[in-house]
Amino acid sequence: MQHITLAGTGSFVPEGKLTNADLEAMVDTSDEWIMTRTGISERRIASPEQATSDLAYEAATAALADAGLAADALGLIVVGTSTPDHIFPSVACKLQARLGCGPTTAFDVNAACTGFLSALQVAEQFLRTGAAEHALVVGADTMSRIIDYRDRGTCILFGDGAGAFVLSRSDTPGLFASRTYSDGAHYDKLYVCGGGSRAPSEGHVPHIKMNGRAIFQLAVRAMVSATEDVLKASGLTLADVDYLVPHQANKRILSAVADALGVPFERVINTIREYGNNSAASVPLAFDLAVKDGRIQRGDTVALSAFGGGLAWGAALLTY
Ligand code: UT7
């Protein structure tokens, strides 16, 4: 089988910060409640001039530089996002032009918080079949644009950001397996009201609606089972895994996933305190931050997992 290597990673967050103290002045909440129930202290928020493609571009250029690859070598650009600059064209098309590569295959996938893993799974197929030699896979979201900052059940969770992987065909194993799943029967537990072709029943500014408690329980089960699936598909066990990089949804969700898998929390990459939930960006952002701070090193085996609106969920297993 043709192998795939993770040649480089990059990430980007905007400078603006939204702290728990800021939120205390906006809704009926407290730093103590947010920290205890979510582990989040602050999130990054895009400036009015910044859109998702701007965040994605910064992460992508960092990943290409890390891989030592010129943009025109890319045979595929896939962006996982549910907050594109416009309904169309895709963020991937904007990236292709801005990166300065020639015409190439470029499109977005929308699987909400699982978008990066869906994009990775698509890239895996292109690389295994030889349809592309190198692929840029990005997770980027500007969640602040679809948050109702009067809803304390959602506005405390989300932040803006982007993360990117450059994946290349290789003679040595890197990416072992990726799997994604969906069950649309639960769509109304987490969705964006407005902005699409179904007319909103209330208001006209698109915003997230969420049943947090229901999502919490489904999230843990889904990320655990998807992680077990990619381990089985790879012929590996948790003893072979150095780190878990789960979707950064809530510190309590990260703990519950680690407990259910029997993995000590020190082996879970947790960036939620400083960045909150960055939707499709959270897995590649957390991965890149852990590479840059020296936790994840070349040769480490890492299990990625995510869960979000759809419902959609998935996992991937790789040696960095
Ligand atoms: O990317 C995937 C996206 N979504 C998620 O990952 C969400 C997963 N769910 C969660 O993270 C949690 O369910 C939340 C953080 C959203 C909520 O935490 P919870 O422990 O499940 O709280 P809850 O919804 O069961 O609410 C408990 C109480 C309620 O008050 P009563 O009914 O007990 O009086 C809420 O009204 O906490 C109240 N509450 C708040 N209080 C202060 C809800 N939000 C807040 C808030 N500040 N921000």
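Starting from the range 2-24, keep only residues that are farther than 16 Å from LEU127 by Cβ, then list their pairs with residues that are of a type in the set (Lys, Arg) and crowded, with 20+ Cβ neighbours inside 10 Å whose Cβ atoms are within a distance under 7 Å, requiring at least 6 positions of separation or different chains.
Final answer for the pair search is VAL13/ARG44; PRO14/ARG44; GLY16/ARG44; LYS17/ARG44; LEU18/ARG43.
Among the numbered criteria (1) surrounded by 17 or more Cβ atoms within 10 Å (Cβ to Cβ); (2) touching a His at 6+ places or on another chain (Cβ under 6 Å); (3) over 28 Å from ALA21 (Cβ atoms), which single criterion is violated by LEU127?
(2)
Does THR52 meet the test of being modelled with pLDDT of 95 or more, out of contact with any Gly (no Cβ under 7 Å at 6 or more places or on another chain) and near the ligand (Cβ under 10 Å from one of its atoms)?
No; evaluated as a whole, the condition is false for this residue.
Can you name the residue in the range 189-207 that is of a type outside the set (A, V, I, L, M) and surrounded by 12 or more Cβ atoms within 10 Å (Cβ to Cβ) and, of all such residues, is farthest from the ligand (Cβ to nearest atom)?
Per the criteria, the residue is PRO200.
So, in the range 33-49, of the ones that are part of a helix (DSSP H, G or I) and either among the β-branched types (Val, Ile, Thr) or within 9 Å of the ligand (Cβ to nearest atom) (or both), which residue ends up surrounded by the fewest Cβ atoms within 10 Å (Cβ to Cβ)?
THR36
Can you tell me which residue in the range 153-182 is nearest to the ligand (Cβ to nearest atom), limited to those that are under 19 Å from the mean Cα position of the chain (by Cα) and part of a loop (DSSP other than H, G, I, E, B)?
Per the criteria, the residue is ILE156.
Counting residues that are more than 17 Å from the chain's Cα centre (by Cα), at pLDDT 95 or above and crowded, with 17+ Cβ neighbours inside 10 Å, which helices (runs of 4 or more DSSP H) fully inside the range 208-320 reach at least 3?
In the range 208-320, the matching helices (runs of 4 or more DSSP H) lie at 212-234, 251-261.
Would the range 55-63 turn up any residue that is closer than 30 Å to ALA256 by Cβ and either touching a strand residue (DSSP E or B) at 6+ places or on another chain (Cβ under 7 Å) or more than 13 Å from the ligand (Cβ to nearest atom) (or both)?
Scanning the range 55-63 turns up at least one residue that is closer than 30 Å to ALA256 by Cβ and either touching a strand residue (DSSP E or B) at 6+ places or on another chain (Cβ under 7 Å) or more than 13 Å from the ligand (Cβ to nearest atom) (or both).
The values are calculated or read from the model by the stated rules, or taken from the named source; none is laboratory data. Because the structure is predicted, anything quoted here is derived from the model rather than measured. Reconstructed Cβ throughout: ideal geometry from the backbone, glycine too, with neighbour counts over all protein chains shown.
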